[in-house]
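One structure below.
The values are calculated or read from the model by the stated rules, or taken from the named source; none is laboratory data. These numbers were taken from a predicted model, which means no experiment stands behind them. Note that we place each Cβ from the backbone using ideal geometry, even for glycine, and neighbour counts take in every protein chain shown.
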Amino acid sequence: MKTKKWMCIIAAAAVMMTSSSCHDWGEMDPPAANDVYPTLENVAQYTFEDEILDPMLFKTGSYTGTDIPELVTDDTKGQVLYLNHGYVTMTNPLVAVTCQNGVSLTFWMKQDVAMTDDAEEVAPEQDLTGALIGFTNANDTGRLFFTANGWLSYSGIDGEWSENDPSQYKTGYITPGEWHYVALIVRDNGYGLYVDGERKTDKVVTDFDCSKLVKFMNKVSTLYIGKGSDTETAPWMIDDLKIYRNQITDKEIARPNMGGGSGPGGFDFGSFDFVTDPMIPNIGSPDCTAGWWQEFSNYYRIPAETNLRLSFTNHTSGGGNWNNWNLCLCTDAERGAEGYEEYFVIRSDLYGWGGAYNGDNFSNTGYGDWDKFRADMEGAEVVIDITRSGAEIFVKATATCKDGTVYVENFHAECGDGSQVVRAFLIVDGSYLEMHTDDIIAYLPVEISNTTVGATDNSTGWWQEFSDYFTITPGVNLNLSLINHTSGGGNWNNWCLCACTDAERGGDGYEEYFVVRSDLYGWGMSYIGDKWTSSGYDDWDKFRVDMEGAAVNVKVERNGATVTYTSVAVAPDGTVYTESLPAECGDGSQTIRAFLIVDGSHFVLNPSECYIYVPVYK
């Protein structure tokens, strides 16, 4: 996994809201108004995957004078930062942004346990006072730190505040000798602490103005790892430290999966039954005479923290704004059966109802001319993304019409406690839907630590810069989306992809099934060059020019032992290059990894379109 220096990543788009009132069925809704809500932003992420700690980013120190932090390999987490009687000092990344309504940190940590001479673990006196994370100003007249007791302590010229001081109370929140995922939220009115996704404390503070803490963390110059309190911090490990300029959501609080293949709730993503009934390829009748609540799609079951994409062609009678697709989100039960309840039903014309429905939760682009809308929706290609984040369910429906007009409808609602399986289904009303069954998928986002890979002047040479590793378990597929940039010197000066065993590059067990380039070339133990299929590759001079700024979609699909690579690159002038290669990789039961490489090039990943997925209709 290539390194990850601090940077700004948009983690959730600003929500633009539109107001609506209670209308009669089918009445035209007014145009949307706009209102901006806070944007969740991960301003820094440290994954400690470089070969060495970057001295331009990290300054190491030692409590003993000799023991300084170092990168080590942990059996569970891989490469991590080990603070063995030492600490790290760095520039506080929050000074480059404006914090909104709080500051949040998430990280993995493990405190050392004591060992006897015969290598048996013993119960040590756990370090509850040494700072895990600390903030301080340049002249050290103020500080804020956090310890393994959940002790959050602040002292500054504007006052002092402390919670969970271990001299008064030992919480037991974080046990030594094992990895824990910690999420800390400091708000203007209080704070919250979550360990392994479980709430340990989340309170409104009434005896102190906690906005002082947020302002302090926003403006002070120095961030410590392993320093900040009055005592030395005992040896511990840290990995995947993320810092946000506002309050994180349930999605960031939830304990990430430490391995591949399982969903956030622990279910087997590759074998979950997202749809149980036989395929319904089309909904309604082609003459659009099916009335309301008469014809339905399959039920699509969606577990917690999982996303669903529906794709279809919409047909309409054109009589009313509502004579198009309709979507229902409900409990995991049959319509009308015991336990069946509707969270919400929404239509393509910014209207809906249901137990969790709030009309203020719509936003849109493209809407405004309803006469044109009714005409445009005939033959429109529609993609609906349903995403789950804790209790919140988000719907984004994008309709691309024959004349190129695009309508985007966004809606969100809080549905239950977020842990339950929900169902989605489509309904017609004077309409007819042709389902694109091959494009109906369940998907999970993959973590993108660094969206830009390679020097932006395209000077990075071969095998020097890499994307993250993407883990692909049996039966699961990978989708990556990027914008390619090239020096233009050779056909090969673009992105490349490697599929390998589940091991670190150059480490024990590392072998390459195949490495492929964008110019129909590759190698590796499973590579067979005469299995390429392609289209568009007719003029190599034009190809080298076209690949500058090309929008590229890469898929790695698994079917038993067969792993198929496919890429579609669309040049700025619209020229399309497609290449595909199947390879027999192992016996199909093993986990594999994929990663991207640059060579006289660089690329920028689109995190919203980078995910692992399974087809709903398997």
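Details
- Number of positions in the stretch 363-373 that are in contact (Cβ under 8 Å) with a residue 60 or more places away in the chain, in a loop (DSSP other than H, G, I, E, B) and at negative phi: 1
- Pairing each residue of the stretch 555-574 that is on the phi > 0 side of the Ramachandran plot and touching a residue at least 12 places away in the same chain (Cβ under 8 Å) with any residue that is in a loop (DSSP other than H, G, I, E, B) and surrounded by 15 or more Cβ atoms within 10 Å (Cβ to Cβ), provided the two are 6+ apart or on different chains, yields C-beta distances under 7 Å for 560/588.
- Considering residues of the stretch 374-417 that are among the β-branched types (Val, Ile, Thr) and touching a residue at least 60 places away in the same chain (Cβ under 8 Å) only, the residue surrounded by the fewest Cβ atoms within 10 Å (Cβ to Cβ): 383
- Breaking point among (1) of a type outside the set (Gly, Ala, Ser); (2) without any contact (Cβ under 8 Å) to a residue 40 or more places away in the chain; (3) surrounded by 23 or more Cβ atoms within 10 Å (Cβ to Cβ), for residue 206: (3)
- Cβ separations smaller than 8 Å between residues 6+ apart or across chains give the following pairs from the stretch 333-346 residues that are assigned to a loop (DSSP other than H, G, I, E, B) to residues that are surrounded by fewer than 13 Cβ atoms within 10 Å (Cβ to Cβ) and not small (Gly, Ala, Ser): 333/341; 340/334.
- Selected residue (criterion: surrounded by the fewest Cβ atoms within 10 Å (Cβ to Cβ)) from residues of the stretch 565-618 that are small (Gly, Ala, Ser) and part of a loop (DSSP other than H, G, I, E, B): 574
- In a residue-by-residue description of the stretch 285-294, the property of being crowded, with 19+ Cβ neighbours inside 10 Å, assigned to a loop (DSSP other than H, G, I, E, B) and under 32 Å from the mean Cα position of the chain (by Cα) applies to no position.
- Options 490, 509, 549, 461: the member that is among the small types (Gly, Ala, Ser), assigned to a loop (DSSP other than H, G, I, E, B), touching an Asp or Glu at 6+ places or on another chain (Cβ under 9 Å) and surrounded by 13 or more Cβ atoms within 10 Å (Cβ to Cβ): 490
- Considering the conditions (1) at pLDDT 95 or above; (2) crowded, with 19+ Cβ neighbours inside 10 Å; (3) assigned to a loop (DSSP other than H, G, I, E, B), residue 450 is excluded by exactly one of them, (1).
- Single unsatisfied condition, residue 71 versus (1) at pLDDT 90 or above; (2) surrounded by fewer than 17 Cβ atoms within 10 Å (Cβ to Cβ); (3) assigned to a loop (DSSP other than H, G, I, E, B): (3)
- Checking residue 39 against (1) at pLDDT 90 or above; (2) among the polar types (S, T, N, Q); (3) within 30 Å of residue 360 (Cβ to Cβ), the condition it does not meet: (1)
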